[in-house]
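Okay, structure first, notes after.
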Amino acid sequence: MATPQDPEEPKIYLLPNLMTAGNLLCGFLAILTIFKGMQVEDLVSAKGYYETAMLYIFGSCLFDLLDGRLARMGGQESPFGQEFDSLADMVSFGLAPAMLVSRAVLADLQLPESFDPSGKREVGLTWAIAFIYLLCGGIRLARFNCLARIGGTGNGDFRGIPIPMAAGFVASLTFIMMSFAESGRSLGWLSYVLAAMILGVSALMVSNVRYPSFKKIDLKTKVNVWTLLGAALILGLVVKFTVYAPTVIFVVYLVLPLLRFKKCKI
């Protein structure tokens, strides 16, 4: 005979929260792997560690996609699942990418000598930018949960960049930085552009810009011929230009909503 559930206990559904646990596990493994890479002197030697970490982050994305889909399909959405999902996202898409920002994406970033004659020009700068990314990611997740409770999440679009997309953008930049390091090239002044891009993504996470969620796309989604051709073209570009194509796609995703942005009100 089933024991009646304590009315004060939250509803915990097995499958969706199991997927969230998988998300958290991948994020934890990504952080452990990045820590190993941080012990290596140069970016080239740490490439294997960072590539493995990005695979774990990609695994987190898959689990994050599955937990929401399973919850919606089975009518098993709950406050517990929402909070658990945000905590897992903070680890997988907040802390892990922030560590990549500080040690890989901004590896070439240094202050001019006039700011720090001691020669330790990189100390503190990359960590500060990485923390801003992490802070904005945490605020974005907390705001999303608050809006969900009051029914202010809009028509299915995200308010601000979803943190998995921001993490994917960071991972795509990491691929580019490792490619440059392998070829012995330095970004030079372009490292400041990368820093600005990370700060821009951080600001967009807490902005009111509406971004498509793609939640309604599933196996039954129907499209026209041109949409199918466009999707196939994008897939082909990613396969052909593995290093640069993902960054270009993320930039397009980040910039296009800005062109039609209207300040929204709750």
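The values are calculated or read from the model by the stated rules, or taken from the named source; none is laboratory data. Keep in mind it's a predicted model, so treat the numbers as computed, not measured. When we count neighbours, we look across all protein chains shown, and the Cβ atoms used for this are built from the backbone with ideal geometry, even at glycine.
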Seminar exercise, completed: Per the filter on the range 8-61, residues under 17 Å from Ser172 (Cα atoms), more than 20 Å from the chain's Cα centre (by Cα) and either among the polar types (S, T, N, Q) or surrounded by 19 or more Cβ atoms within 10 Å (Cβ to Cβ) (or both) are Leu43, Ala46
For this session: May I ask you to list pairs of residues, at least six apart or on different chains, whose Cβ atoms are under 7 Å apart, with the first in the range 152-179 being closer than 18 Å to Asp64 by Cβ and the second being at pLDDT 90 or above and among the hydroxyl-bearing types (Ser, Thr, Tyr)?
Result: Gly160/Ser207
Problem set entry | Qualifying residues in the range 182-195 (those that are small (Gly, Ala, Ser) and part of a helix (DSSP H, G or I)) - the one modelled with the highest pLDDT | Ala195
Exercise. Residue check, Glu77 against (1) over 29 Å from Phe180 (Cα atoms); (2) in a helix (DSSP H, G or I), all met but one. Which one?
Worked result: (2)
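Rundown of residues vs (1) closer than 22 Å to Leu43 by Cα; (2) touching a Phe, Trp or Tyr at 6+ places or on another chain (Cβ under 9 Å), yes/no style:
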position	(1), (2)
Ala148	no, no
Phe158	no, yes
Gly184	yes, no
Leu190	yes, no
Ile198	yes, yes
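Within the range 142-176, how many residues turn out to be within 21 Å of the chain's Cα centre (by Cα), at pLDDT below 80 and of a type outside the set (Ser, Thr, Tyr)?
Start the filter on the range 142-176 by keeping residues that are within 21 Å of the chain's Cα centre (by Cα), which leaves 142-148, 153, 156-176.
Within this subset, residues satisfying the condition of being at pLDDT below 80 are 148, 153, 156-157.
Narrowing the set further to residues that are of a type outside the set (Ser, Thr, Tyr) leaves 148, 156-157.
Here the count works out to 3.
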Exercise. Would the range 42-54 turn up any residue that is of a type in the set (D, E, K, R) and either within 24 Å of Glu9 (Cα to Cα) or not in a helix (DSSP H, G or I) (or both)?
Worked result: yes
Exercise. Among the residues of the range 143-157, is there at least one that is out of contact with any helix residue (DSSP H, G or I) (no Cβ under 8 Å at 6 or more places or on another chain), loosely packed, with under 14 Cβ neighbours inside 10 Å, of a type in the set (A, V, I, L, M) and in a helix (DSSP H, G or I)?
Worked result: yes
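For Ser179, state whether it is part of a loop (DSSP other than H, G, I, E, B), modelled with pLDDT of 75 or more and surrounded by 11 or more Cβ atoms within 10 Å (Cβ to Cβ). Spell out how you get there, then give the answer.
Working: part of a loop (DSSP other than H, G, I, E, B): no; modelled with pLDDT of 75 or more: yes; surrounded by 11 or more Cβ atoms within 10 Å (Cβ to Cβ): yes.
Taking the combined requirement at face value, the residue does not satisfy it.
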For this session: Of the conditions (1) among the aliphatic types (A, V, I, L, M); (2) exposed (fewer than 12 other Cβ atoms within 10 Å of the Cβ); (3) at pLDDT below 75, Val238 clears all except one; give me its number.
Result: (2)
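Identify all residues within the range 196-211 that are of a type in the set (A, V, I, L, M, F, W, C), in a helix (DSSP H, G or I) and surrounded by 20 or more Cβ atoms within 10 Å (Cβ to Cβ); write none if there are none. Let's see the steps before the verdict.
The initial filter retains those residues of the range 196-211 that are of a type in the set (A, V, I, L, M, F, W, C), namely 196-199, 201, 203-206, 209.
Filter again for in a helix (DSSP H, G or I), leaving 196-199, 201, 203-205.
Listed by number, the residues that qualify are Ile198, Val201, Leu204, Met205.
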